[in-house]
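The values are calculated or read from the model by the stated rules, or taken from the named source; none is laboratory data. Keep in mind the model is a prediction, meaning the values are calculated, not measured. A quick note on method: Cβ atoms are made from the backbone with ideal geometry, for glycine too, and the neighbour counts reach across all protein chains shown. Accessible surface areas use protein heavy atoms only, side chains included; no ligands, DNA or RNA. Shrake-Rupley method; radii C 1.70, N 1.55, O 1.52, S 1.80 Å.
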2 protein chains.
Amino acid sequence: MIRVMIAEDQHMLRGALSSLIELETDMEVLAEVSDGDKAWEVIEKEKPDVCILDIEIPVVSGLELAEKIRATEQSCKVLMVTTFARPGYLQKAIDLEVEGYLLKDEPIDYLIDAIRKVINGERVISTDLAATLFMKETNPMTERETEVLRLVKEGLTTNQICDRLFLTKGTVRNYLSAVIQKLYAESRQQAVKIASEKGWI
Amino acid sequence: MIRVMIAEDQHMLRGALSSLIELETDMEVLAEVSDGDKAWEVIEKEKPDVCILDIEIPVVSGLELAEKIRATEQSCKVLMVTTFARPGYLQKAIDLEVEGYLLKDEPIDYLIDAIRKVINGERVISTDLAATLFMKETNPMTERETEVLRLVKEGLTTNQICDRLFLTKGTVRNYLSAVIQKLYAESRQQAVKIASEKGWI
DNA sequence: GATTATATATGACACGTGTCATAGGGTTCC
DNA sequence: GGAACCCTATGACACGTGTCATATATAATC
């Protein structure tokens, strides 16, 4: 019997997945939770064989949870599930060496199948995503530029950034000017968006 | 037998809902589609009793589809389903007099139940949403201000807006200044966000 | 008829933003 | 010793943005 835990914040999907997995004769759903904190409790107490983790769950995200699972050497296999094909998420998941990474745009049969595969020690990834791994671009920004853009993402203004990094106003603006050009953006906001999607900040 | 159509672009959820509805003895799923165009074809040909429409589906949105259904006096009941509790969406759905409006954050049982209720001529709305209807705020912007903000949302700059509306630069900026204050925003972008969520633009 | 709200406009001020030219330090590597 | 990068900085220019004071005309309302 494969013991599964589901961490997904959208109630309707969570319930539906749970019901359908229960219908499989070789699987059972140990618990279904709506946030990362509760998920962690279940993982520690119940030691599920497979965790299905949505990336965008409250309190502790699926990626942070996967990191924690790896750090504490839990035996459970991790299957990430998400709506968006963000290269950033995918990259982090791969760095964490999770067993599977699926899009919610796949049929459920694919998920059920994936559960059995990861139990067998196989790796699973949505076909759409496999392609993006080959087309992976490298971050054209320097370290400092990346750092500055990260602060813009946090909502800081030019002045707040130069206070934080002990730089002058002009330097910060120069960095951002360079970033905007390197990313073919038209404004800092757009640059943040582009870099986020690529997983660079 | 209640004949149901499901229009939902997220494959996993669509399939799951479909399977679970099929398990009910008094319901059958006529078709499950991923966009508004296909949904319309099914509605015209198959005349389902109930349409479950996600608001955010490609090509033709769930709201546009509901409008079309009303305009052509199709007999089918409409159940809107969405992720977000945007008052704007809700307001439009109510204006269209749809039979039900549920959040994906509800359990599936609630959805199944809702299908039976709308068939019986009842109205269904998520409890969370019913509350927001009472707290509905009125748009503090004048017509002209709303119009200008709508153009900002489309991505136009001040200059493009004054060309479009045959106004001077100063006037447009005055309007936006007023809008920003009325909505307690800190920039035009934030004003767009606030007004969108309230359903004013 | 006076008041109030709206649509429109102008001019001015302060700031934020993006770009450019330029320049002095520091690594790293051929 | 250069060449090629990176980090840092300055000063200047052009534009965009938000605010304010002020003004006129029109329409609605009391």
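Select from region B:126-150 the residues that are at pLDDT 85 or above and open to solvent by less than 40 Å² (accessible area, probe 1.4 Å) and list them in ascending order.
B:Ser126, B:Glu145, B:Thr146, B:Val148, B:Leu149
If you scan region A:43-58, which residues turn out to be over 16 Å from the mean Cα position of the chain (by Cα) and open to solvent by less than 20 Å² (accessible area, probe 1.4 Å)?
Across region A:43-58, the qualifying residues are A:Ile43, A:Pro48, A:Val50.
If you go through region B:59-76 one residue at a time, do you hit one that is touching a Ser or Thr at 6+ places or on another chain (Cβ under 8 Å) and either surrounded by 19 or more Cβ atoms within 10 Å (Cβ to Cβ) or away from every other protein chain (no Cβ under 14 Å) (or both)?
The answer is yes, given that some residue of region B:59-76 is touching a Ser or Thr at 6+ places or on another chain (Cβ under 8 Å) and either surrounded by 19 or more Cβ atoms within 10 Å (Cβ to Cβ) or away from every other protein chain (no Cβ under 14 Å) (or both).
Under the condition of being assigned to a helix (DSSP H, G or I) and in contact with a strand residue (DSSP E or B) (Cβ under 8 Å, 6 or more places away or on another chain), which residue from region B:89-111 is nearest to the other protein chains (Cβ to nearest Cβ)?
Filtering first and then ranking leaves B:Leu111.
Can you find, within region B:1-32, the residue that is farthest from the other protein chains (Cβ to nearest Cβ) among those that are open to solvent by 10 Å² or more (accessible area, probe 1.4 Å) and assigned to a strand (DSSP E or B)?
B:Arg3
Restricting the search to region A:171-188, which residues are among the polar types (S, T, N, Q) and near DNA strand C (Cβ under 7 Å from one of its atoms)?
If the condition is that a residue be among the polar types (S, T, N, Q) and near DNA strand C (Cβ under 7 Å from one of its atoms), then A:Asn174, A:Ser177, A:Gln181, A:Ser187 are the ones that fit.
If you take the residues in region B:112-125 that are within 14 Å of chain A (Cβ to nearest Cβ) and free of Cβ contacts under 8 Å to residues at least 40 places away in the same chain, which one is surrounded by the fewest Cβ atoms within 10 Å (Cβ to Cβ)?
B:Asp113
Could you list, in sequence order, the residues of region A:151-171 that are under 20 Å from the mean Cα position of the chain (by Cα) and loosely packed, with under 14 Cβ neighbours inside 10 Å?
Passing the criteria: only A:Glu154.
Of all residues being assigned to a loop (DSSP other than H, G, I, E, B) and β-branched (Val, Ile, Thr) in region A:126-144, which is nearest to the other protein chains (Cβ to nearest Cβ)? Just the residue, please.
Taking the candidates together, the pick is A:Thr142.
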